[in-house]
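Participant: Below is a structure I'd like to ask you about.
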């Protein structure tokens, strides 16, 4: 099966993110939103209020990756705001927090995922395999820019069985066949997908600034 795609709105200039979201949906892709605080070096992320705006406009599914120091409170907010999937860094939430988020997600019909960062031990997600719906495998350190490291795919052989595995971080289209062969179900693309979906009017500095 081909790898399903999600487009990262972080790769679009802020004024054009809603327009790009519409084009992602029209193309049959998921919408990926990175909410980032000062804990990570990449800089400002997407405004979490956009999640509710997209949901109210009937656009989705919207997946929210919380790159924040204390993700649980914000996770509850975006779940209530209409996120189809909330993705929490595995190393930043404990077992009790995962259970609370599971309850909140179930109450709103959302999915609960954990993100496995490059430096995070696999054992951090193993104990949650019966509580979560999927794992987001980072191919670059979370909150950084760079090219995907395909060697990270070796981790898949040691992950607990979950419904869905996605990959994120510097992924290009030519890497998609390798992801599929490794058992990845979905891939998050930023620079390799989103700039092509910008409206024609998004020229000049706005278009050139699309980089993730």
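The values are calculated or read from the model by the stated rules, or taken from the named source; none is laboratory data. In this text, all values refer to a predicted model and were calculated from it rather than measured experimentally. All Cβ positions, even for glycine, are placed from backbone atoms using ideal geometry, and neighbour counts span all protein chains on display.
Participant: Between 28, 97, which is within 26 Å of residue 162 (Cα to Cα) and touching a helix residue (DSSP H, G or I) at 6+ places or on another chain (Cβ under 6 Å)?
Facilitator: Result: 97 is the single residue among 28, 97 that is within 26 Å of residue 162 (Cα to Cα) and touching a helix residue (DSSP H, G or I) at 6+ places or on another chain (Cβ under 6 Å).
Participant: Condition check: crowded, with 16+ Cβ neighbours inside 10 Å, out of contact with any helix residue (DSSP H, G or I) (no Cβ under 7 Å at 6 or more places or on another chain), farther than 22 Å from residue 116 by Cα and in contact (Cβ under 8 Å) with a residue 60 or more places away in the chain. Does residue 55 satisfy that?
Facilitator: On the way: crowded, with 16+ Cβ neighbours inside 10 Å: yes; out of contact with any helix residue (DSSP H, G or I) (no Cβ under 7 Å at 6 or more places or on another chain): yes; farther than 22 Å from residue 116 by Cα: yes; in contact (Cβ under 8 Å) with a residue 60 or more places away in the chain: no.
So residue 55 fails the test.
Participant: May I ask you to verify whether residue 24 is buried (at least 24 other Cβ atoms within 10 Å of the Cβ) and part of a helix (DSSP H, G or I)?
Facilitator: yes
Participant: Right, another one. Considering the stretch 1-21 alone, what residues qualify as being more than 18 Å from residue 195 (Cβ to Cβ) and not in a strand (DSSP E or B)? Reasoning before the result, please.
Facilitator: At the first step, the residues of the stretch 1-21 found to be more than 18 Å from residue 195 (Cβ to Cβ) are 1-4.
Across the stretch 1-21, the qualifying residues are 1, 2, 3.
Participant: Would it be correct to say that residue 66 is buried (at least 20 other Cβ atoms within 10 Å of the Cβ), touching a helix residue (DSSP H, G or I) at 6+ places or on another chain (Cβ under 8 Å) and in a strand (DSSP E or B)?
Facilitator: Yes, satisfied.
Table: residues versus (1) loosely packed, with under 14 Cβ neighbours inside 10 Å; (2) in a loop (DSSP other than H, G, I, E, B); (3) modelled with pLDDT of 95 or more.
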residue	(1), (2), (3)
115	no, no, yes
124	no, no, no
129	yes, yes, no
132	no, yes, yes
136	no, no, yes
142	no, yes, no
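Participant: What number of residues within the stretch 150-165 are surrounded by 15 or more Cβ atoms within 10 Å (Cβ to Cβ) and more than 17 Å from residue 131 (Cα to Cα)?
Facilitator: Counting residues in the stretch 150-165 that are surrounded by 15 or more Cβ atoms within 10 Å (Cβ to Cβ) and more than 17 Å from residue 131 (Cα to Cα) gives 4.
Participant: Would you point out the residue of the stretch 37-47, among those that are touching a residue at least 12 places away in the same chain (Cβ under 8 Å) and surrounded by fewer than 20 Cβ atoms within 10 Å (Cβ to Cβ), that is farthest from residue 145 (Cα to Cα)?
Facilitator: Ranking the candidates gives 47 first.
Participant: A further question on this structure: Identify, from the list 170, 146, the residue that is surrounded by 18 or more Cβ atoms within 10 Å (Cβ to Cβ), on the phi > 0 side of the Ramachandran plot and either in contact (Cβ under 8 Å) with a residue 60 or more places away in the chain or not in a helix (DSSP H, G or I) (or both).
Facilitator: Selected residue: 170, the only one of 170, 146 that is surrounded by 18 or more Cβ atoms within 10 Å (Cβ to Cβ), on the phi > 0 side of the Ramachandran plot and either in contact (Cβ under 8 Å) with a residue 60 or more places away in the chain or not in a helix (DSSP H, G or I) (or both).
Participant: State all residues of the stretch 27-63 that are out of contact with any strand residue (DSSP E or B) (no Cβ under 9 Å at 6 or more places or on another chain) and either modelled with pLDDT under 95 or not in a loop (DSSP other than H, G, I, E, B) (or both); if no residue qualifies, say none. Please lay out each step first, then the result.
Facilitator: In the first step, residues of the stretch 27-63 are kept if they are out of contact with any strand residue (DSSP E or B) (no Cβ under 9 Å at 6 or more places or on another chain); the result is 38, 41, 49, 52-53, 56-58.
Correct list: 38, 41, 49, 52, 53, 56.
Participant: Next question. Go through the stretch 177-196 and report how many residues are touching a residue at least 60 places away in the same chain (Cβ under 8 Å), outside any strand (DSSP E or B) and within 21 Å of residue 23 (Cα to Cα).
Facilitator: Residues of the stretch 177-196 that are touching a residue at least 60 places away in the same chain (Cβ under 8 Å), as a first pass: 179-180, 184-191, 193-195.
When the remaining residues are screened for being outside any strand (DSSP E or B), the result is 179-180, 184-185, 190-191, 193-195.
From the residues that got through so far, the ones that are within 21 Å of residue 23 (Cα to Cα) too are 190-191, 193-195.
Number satisfying all stated conditions: 5.
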